[in-house]
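Computed from the coordinates by the stated procedures, all read-outs in this text should not be read as laboratory data. What you see is a predicted model, and the numbers here were worked out from it, not measured in a lab. Ideal geometry is used to build each Cβ from the backbone, glycine not excepted, and the neighbour counts take in all protein chains shown.
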Amino acid sequence: MKITVRAFWDDEAKVWVAVADGGIGLFAEGATLEALQKKLPMLAEDLLEGDYSGEFEIRLVTESVRAGTAA
C-alpha cells in the first residue's frame, strides 16, 4: 500500500504540517521536516492497525506556497 502525505509549512504556527491523502486520518506536525518524517511511519501503522496488515510505503510530498504582499 502506498500512502501519499502532503506536507506544508505553517508560517503562523512555525511548524511543518502533514496530511495524508485517501482519508486515512493521518495528520502530524513537526518543527522540522526531518522530525515530521520520523513520526509518519509510526502514525500510519497505528491508524492502519486492524484495517491493513501488509507493508506500506509513505511518499512525502512537500508543497510550497509563496505569500505575496498586499498593496
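Structure above, values below:
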{"read-out": "Net charge dipole size for segment 1-43 [Lys, Arg +1 and Asp, Glu -1 on Cβ; Debye, nearest 20]", "value": "240 debye"}
{"read-out": "Whole-number percent relative contact order across segment 1-63, with pairs defined as alpha carbons under 8 Å at least 6 apart", "value": "42 percent"}
{"read-out": "Fully extended contour minus Cα-Cα distance, from Thr4 to Glu45, at 0.36 nm per residue", "value": "13.4 nm"}
{"read-out": "Per-residue [θ]222 nm for the chain (sum of -39500 (n - 2.57) over DSSP H runs n ≥ 4, rounded to 500)", "value": "-7500 deg cm²/dmol"}
{"read-out": "Percent of Cα-Cα distances greater than 20 Å, calculated over the chain", "value": "32 percent"}
{"read-out": "Extended-chain gain in nm, criterion 0.36 nm per residue less alpha-carbon gap, Val17 and Ala35", "value": "5.4 nm"}
